[in-house]
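A quick write-up on the structure given underneath.
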Amino acid sequence: MKIKMKLMLSERDGIAKNYNDVDSIFENNTKNINWNAKYFEKEFTIKIVNIDGLNMEFDLININSSFVNAFRRILIAEVPMMAIEKVFIFNNTSFIQDEVLAHRLGLIPLKADFRRFSFRKSEICNPTNIIDHSRIRFALVIIEAKVRNAVDFECIRSMYYESFLFSNIRLVQLYSEKIKWIPIGDQITKFRIDEIGPVHDDILIAKLRPGHDIDLKMLAVKGIGKDHAKFQPVGKYLKLKATASYRLLPQIKLKQTVKNEEAQKLKASFSPGVIELHKIKDDLIAKVGNTRNDLCSRNIYRYENLKDYVEVSRVPNHFIFTIESVGALPPNILFLEAIKILQNKCKRIIQDIENKGSTCFL
Amino acid sequence: MEVDNNDQDEKDLMRNFKLENEDHTLGNLLTYILNRMPETEFCAYSIQHPTENVLYLRLKVKKGNDVNEVFKNGVIELKKALDIVEDKFIKAMGIYNEENS
């Protein structure tokens, strides 16, 4: 029953001529068997390829792209995260304006397990009633940064009159390590000190000249990426190329043996590790290595003499999924949370139909 | 409950479902599953305006079926599939941790 499926990567066309092509290839395999969970259970497999700190790569095999895309969309937009939402500035005489400073602080990723907090119920605008709110539903974290660069009058004179502005002497750099967590209510008994705080200690927030002063209190809340990108639990800036993303497994087939110079050209036109050269007697012979690394650049089609030697394609039902966490939670937990969110959506709809809810029918 | 079709015979065979606060994430997934159910004649979804945050799903079923039942079965099937994904992911994590410890 296994039909080998592939999507050809030809010289001029895109991956598929139109959107339906991807589906129709998959369809050949499933049309006679109407899709149901039992069939899905039999066919579907997951293989975890690599977990490296905050990055994770795994394979989803025999699944439709609508599932994979749903996971991706949920990870980016709907899995929650804690981030700084309110900044109460008591004093800020630094070069950075209040609103810019507040924005910068909001983007600092926080390590705090969002599963142990609840969403806030209402807008809180006053620093005095924070405590009342959180005591019931500890949805909030207060973080304080207080830095003062001591005033030295002689220094100020030299600073402004002797082009001191351009040197780094006496300049205090305010890093995210200065952000300290103040527990509210019974949070002190529920969390360890090292459980809550910024993920990275070396994020530069501001530079302070002598006499500059920053004194503020911050409030972190739970939110989702749909609302603001700072609540996005998957990465924005680390070493991987993407946040949560998927691609199809590339497939490369050599139609005939390629030797020596041609083999080297062949190797150079794919990503590193995709084509390996083996020395057999006096000849260098090209062999297909790890196709997973290939980025499907189609560079091979630049060489008229080489392009007929290879067949470049993709497996349409083999997805390579990568997640890069910001650091609040490990990526495998984020994926499980994403599934949970989808399950809850289903549960809500089922309940609504059973209760003949008005929102569900038109 | 409004049904925008006057034909009495076909009335119970088709319906527009209105899902609030949902987007393409669920719309695409549900139409994929419903289109592959043997009872379904037609299924498609639309989001009429990007700011509206409402998903409309149109479902027509073959004769002898109930639209609501078919729709509900589709969602239940989706829920089952997600349970399977969750299960297999946890198992795969176990295997990975064993191999790398």
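Tell me, what is the percent relative contact order of chain B, built from C-alpha pairs under 8 Å that lie six or more residues apart?
Numbers: 118 pairs, mean separation 27.1, N = 101.
Dividing the mean separation by the residue count of chain B yields 27 percent.
Given labels modelled 7 Å from the Cα in the Cβ direction, how far is it in nm from A:LYS180 to B:LYS63?
Between A:LYS180 and B:LYS63, the label points sit 7.9 nm apart.
7 Å from Cα along Cα→Cβ at both A:ASP201 and A:ARG247: what's the point-to-point distance in nm?
Reported label-point gap for A:ASP201 and A:ARG247 is 3.6 nm.
Could you run the numbers on buried accessible area between A and B, total for both chains, 1.4 angstrom probe, in Å² to the nearest 100? The partial results should precede the final answer.
Numbers: alone 21290 and 7570 Å², together 24420 Å².
So the buried area, both faces added, is about 4400 Å².
Accessible area, 1.4 Å probe, largest first: how do B:GLU22, A:GLU57, A:GLU177 sort?
Values: B:GLU22 10, A:GLU57 40, A:GLU177 95 Å².
Heavy-atom accessible area, descending, gives A:GLU177, A:GLU57, B:GLU22.
Can you pull the accessible area of A:LYS255 for me, 1.4 Å probe, Å² to the nearest 10?
Taking all protein chains as shown, A:LYS255 has close to 120 Å².
How much length, in nm to one decimal, is gained on full extension between A:ASN55 and A:GLU354, taken as 0.36 nm per residue of separation minus their Cα-Cα distance?
Here the segment from A:ASN55 to A:GLU354 would lengthen by 103.6 nm.
Within the stretch B:37-76, list the trypsin sites (Lys or Arg not before Pro) lying in a DSSP loop whose Cβ has at most 16 other Cβ atoms in a 10 Å radius.
Numbers: sites: B:ARG58, B:LYS60, B:LYS62, B:LYS63, B:LYS72; in loops: B:LYS62, B:LYS63.
Those satisfying the criteria are B:LYS62, B:LYS63.
In degrees from 0 to 90, rounded to the nearest 10, what is the angle of the helix B:67-99 Cα long axis to the longest principal axis of chain B?
10
What does the accessible area per residue of the stretch B:13-99 come to in Å², with a 1.4 Å probe and no ligands, DNA or RNA counted?
On the way: 3930 Å² over 87 residues.
With the other protein chains kept in place, the stretch B:13-99 gives 45 Å² per residue.
Averaging the inverse of every distinct alpha carbon separation and then flipping it gives the Kirkwood radius. What is it for the stretch B:13-99, in angstrom units?
Details: mean 1/r = 0.0695 Å⁻¹.
Result for the stretch B:13-99 stands at 14.4 Å.
The values are calculated or read from the model by the stated rules, or taken from the named source; none is laboratory data. What you see is a predicted model; the values in this text were computed from it and never measured. Because the Cβ atoms are built from the backbone with ideal geometry, glycine has one as well, and the counts that use them run over all protein chains shown. Protein only, heavy atoms only, side chains kept; ligands, DNA and RNA dropped before computing areas. Shrake-Rupley method; radii C 1.70, N 1.55, O 1.52, S 1.80 Å.
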